[in-house]
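Here's the structure, in structure tokens; my notes come after.
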Amino acid sequence: MKIAVTATGRTPSVPIDSRFGRSPFFIIYDMDKDNWECVENDSTASASGAGISTAQMLAAKGVNAVITGNVGPNAMQALQAAGIDVYAAASGSVEQVVEMYKRGVLEKISTATVSSKHDAHPVAGKTARIAIATEGDYVSQHFGHCSTYTLVDIDNGQVKNKAIVMNPGHEPGFLPHYLAKESINYIIAGGMGTQAQAIFNQLGIKPILGVTGTIDEAIEAFVNDKLQDGESLCDH
């Protein structure tokens, strides 16, 4: 019995990745042999079809079950066609979710949790907590140099709460960990440096970049699964 877990790094101690097709790594646990194997996901840079090719790669590895945060409809169909069961886990390390699987406490899912465009944003009706880099009423172009962060709780496609957090100051590598303490799932900004992007991904938080306009416009687009993830507007 082989279990593949979407992972932010190469060891079982790292946090799980919330994405399936775009997860940079998979940690495969062989229950029969009690050993771990790290597999790099070559589909992360694919323009399309990442979920399908990732499912095919895992099937070739003899995987019987997948644990992940989100999976799209095409990937779900490919996994089911390969006879691979899918289990949902919101957070935790790879080791922790495997133990949860062994105890039978993970939810087995049979339908997609995200839209067909990508497996990073939740479809309308899902629950998430997002942070938006903001300047006044607008999305800030610079993640690290914005004045405030707007935290938004979304439940069943409805905005339940909004809060403002002041930017405590920009230091390399500090802000991602600072915002992670707010239990966010996504960070929205116009631009962000590559180091900050890498840290967010390691923490299981998805950056959504290239966003402009007002805060309310960004929230509405996110809730309706229309917020496009583009290129960073700055190279800081």
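What to note about this one:
- Of the residues in segment 76-87, not one is open to solvent by less than 30 Å² (accessible area, probe 1.4 Å), in contact with a helix residue (DSSP H, G or I) (Cβ under 9 Å, 6 or more places away or on another chain) and either over 14 Å from Phe20 (Cα atoms) or of a type outside the set (A, V, I, L, M, F, W, C) (or both).
- If you go through segment 93-114 and keep only what is open to solvent by 30 Å² or more (accessible area, probe 1.4 Å) and of a type outside the set (A, V, I, L, M, F, W, C), you end up with Glu95, Gln96, Glu99, Tyr101, Lys102, Arg103, Gly104, Glu107, Lys108, Ser110, Thr111.
- Some residue of segment 190-204 being in a loop (DSSP other than H, G, I, E, B), without any contact (Cβ under 8 Å) to a residue 24 or more places away in the chain and either within 16 Å of the chain's Cα centre (by Cα) or closer than 30 Å to Val97 by Cβ (or both): no
- Among the residues of segment 167-187, just one is part of a helix (DSSP H, G or I), within 21 Å of Asp155 (Cβ to Cβ) and open to solvent by 10 Å² or more (accessible area, probe 1.4 Å), namely Ala180.
Every residue, every condition in (1) among the aromatic types (Phe, Trp, Tyr); (2) surrounded by 15 or more Cβ atoms within 10 Å (Cβ to Cβ); (3) touching a Cys at 6+ places or on another chain (Cβ under 8 Å), yes or no:
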{"site": "Phe25", "(1), (2), (3)": "yes, yes, yes"}
{"site": "Met31", "(1), (2), (3)": "no, no, no"}
{"site": "Asn35", "(1), (2), (3)": "no, no, no"}
{"site": "Ala50", "(1), (2), (3)": "no, yes, no"}
{"site": "Met57", "(1), (2), (3)": "no, yes, no"}
{"site": "Ala65", "(1), (2), (3)": "no, yes, no"}
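- The single condition from (1) at pLDDT 90 or above; (2) open to solvent by 20 Å² or more (accessible area, probe 1.4 Å) that Gly190 fails is (2).
Here's the yes/no breakdown for (1) more than 15 Å from Gln96 (Cα to Cα); (2) touching a Gly at 6+ places or on another chain (Cβ under 9 Å); (3) part of a strand (DSSP E or B); (4) modelled with pLDDT of 90 or more:
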{"position": "Ile3", "(1), (2), (3), (4)": "no, no, yes, yes"}
{"position": "Pro12", "(1), (2), (3), (4)": "no, no, no, yes"}
{"position": "Arg22", "(1), (2), (3), (4)": "yes, yes, no, no"}
{"position": "Lys33", "(1), (2), (3), (4)": "yes, no, no, yes"}
{"position": "Cys38", "(1), (2), (3), (4)": "yes, yes, yes, yes"}
{"position": "Leu58", "(1), (2), (3), (4)": "yes, no, no, yes"}
{"position": "Asn70", "(1), (2), (3), (4)": "yes, no, no, no"}
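- Counting the residues of segment 137-166 that are open to solvent by less than 70 Å² (accessible area, probe 1.4 Å) and in a loop (DSSP other than H, G, I, E, B) gives 6.
The values are calculated or read from the model by the stated rules, or taken from the named source; none is laboratory data. Please read all numbers here as calculations on a predicted model, not as lab measurements. Backbone-built Cβ (ideal geometry, glycine too); neighbour counts: all protein chains shown. To get the accessible areas, we keep the full protein, side chains included, count just its heavy atoms, and leave off ligands, DNA and RNA. Shrake-Rupley method; radii C 1.70, N 1.55, O 1.52, S 1.80 Å.
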